[in-house]
Amino acid sequence: RAYTLDESSGRWQDHGTVVQDGFWPMTEPVKMENGNWVMPGFIVGRGNPPAVAVSDGDNLMSWNLKVIPVASQVLDHWGESSVWVSKNRLVNISRYGGRALALFSQSDDYGETWSEVTETNFPMTTSKPCCGTLSNGIRYLIASSSADGGGRRSPLTIALGDPNGIGFSKLYVIRHAIFESGPGESHANASLAYPYATEHEGCLYVGYSNNGPRRANHNSAEMAVIPLSVLSLD
């Protein structure tokens, strides 16, 4: 659905559904060099594949839905996804439903067509990822990634990669489930999930949920503030 703010009255105006067919957006729209915007997400139903919506220029009321094809050997996926944008090239990272691996697809034409979703060798919990590019060009992926983590949603990590590549060379822990010295809930079974990030005045602000000892998405909200000076590939 789309809404615009009437700044004179302070009220939101509802424009109804602007992307059909069960599309759930996962991030804000990202501007591409060709003037269109891309909004990653997934389709609820029909196998739950990852998808993106591509705008008609700056008209954010008009979107073209692009469902990303999934390779036949990728089973039980739940395609919540995020993207990196680099000129005409887009990389979509999506989550599995049953395996703790990141899924990958690529477009070389501003999101109009996509390669099949395939498995990577990068461990990632079965939860929504958050991708982005810092102002210094470094790509990042925020999720829970560890060699023995499986589907556990901790620790919350950030992986960093070269702007000209597709892999990662650094992995940092944002926080562990047990965090007795800091703010927020500390519990061995805490799920640190559904991250989102934005850069502002020299820092990366990472918001995420924490269910503490609870289940069933009874979450609190937390935010980590990371100086960009510590997010380097050196």
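The values are calculated or read from the model by the stated rules, or taken from the named source; none is laboratory data. Keep in mind it's a predicted model, so treat the numbers as computed, not measured. We place every Cβ from the backbone using ideal geometry, glycine too, and count neighbours over all the protein chains shown. Protein only, heavy atoms only, side chains kept; ligands, DNA and RNA dropped before computing areas. Shrake-Rupley method; radii C 1.70, N 1.55, O 1.52, S 1.80 Å.
The per residue volume of the convex hull around the alpha-carbon atoms of the range 15-131 is 89 Å³. Placing a pseudo-label 7 Å from each Cα along the Cα-to-Cβ vector at Asn217 and Leu5 gives an inter-label distance of 2.6 nm.
Probing with 1.4 Å while keeping every protein chain in the model, the per residue accessible area of the range 1-61 equals 58 Å². Look at the Cα gyration tensor of the range 1-75: its axes a ≥ b ≥ c give a/c of at least 1.5 with a/b over b/c, and that counts as prolate. Shown in residue order for the range 221-234 are the 3J(HN,Hα) couplings computed by the Karplus curve 6.51 cos²θ - 1.76 cosθ + 1.60 at θ = phi - 60°: 10, 10, 9, 9, 10, 10, x, 4, 5, 8, 9, 10, 9, 6 Hz (x for Gly and Pro). Note that the range 26-42 has calculated 3J(HN,Hα) couplings of 10, 9, 5, x, 10, 6, 10, 5, 7, x, 8, 10, 10, 10, x, x, 7 Hz, one per residue in order, obtained from phi through the Karplus relation 6.51 cos²θ - 1.76 cosθ + 1.60 (θ = phi - 60°); glycine and proline are x. Look at the Cα gyration tensor of the chain: its axes a ≥ b ≥ c give a/c under 1.5, and that counts as rounded. Between Glu185 and Lys31, what is the label-point separation in nm under the 7 Å Cα-to-beta-carbon projection? Calculated label separation equals 3.9 nm.
Spin-label pair Asp162-His176: with each label point 7 Å from Cα along the Cα-Cβ axis, the two points sit 3.2 nm from one another. Taking the Cα centre of the chain as origin and assigning +1 to Lys and Arg Cβ atoms and -1 to Asp and Glu Cβ atoms, the resulting dipole is close to 640 debye. How about the range 85-138: which GluC sites (Glu not before Pro) there are in a DSSP loop, with at most 16 other Cβ atoms within 10 Å of their Cβ? Passing both the DSSP loop test and the Cβ count: Glu112, Glu116. Each of the peptides 11-21, 171-181 was scored by the mean count of other Cβ atoms within 10 Å over its residues; in descending order, highest first, they stand as 171-181, 11-21. Computed over the range 89-140, the P(r) tail beyond 14 angstrom holds 57 percent of alpha carbon pairs. For the range 22-116, the Cβ-based charge dipole about the Cα centre amounts to some 240 debye (Lys, Arg positive; Asp, Glu negative; other atoms uncharged). Amide H contacts of Gly47 (H built 1.01 Å from N, in plane; Pro and chain starts excluded): no residue 5 or more places away or on another chain comes under 5 Å. For Ser191, what residues show an amide H to amide H distance below 5 Å, using hydrogens built from the backbone and excluding near sequence neighbours? Counting only residues 5 or more places away or on other chains, the set is Asn211, Gly212.
Hull volume per residue, based on the alpha-carbon atoms of the range 120-234 and their convex hull, is 106 Å³. Counting only lysines at least 8 places from Lys66 when in the same chain, those with an alpha carbon closer than 20 Å to its own are Lys31, Lys87, Lys128.
Summing charges over neighbours of Ile138, with a neighbour being any other residue whose Cβ is under 14 Å away from its Cβ, gives -1 when K and R count +1 and D and E count -1.
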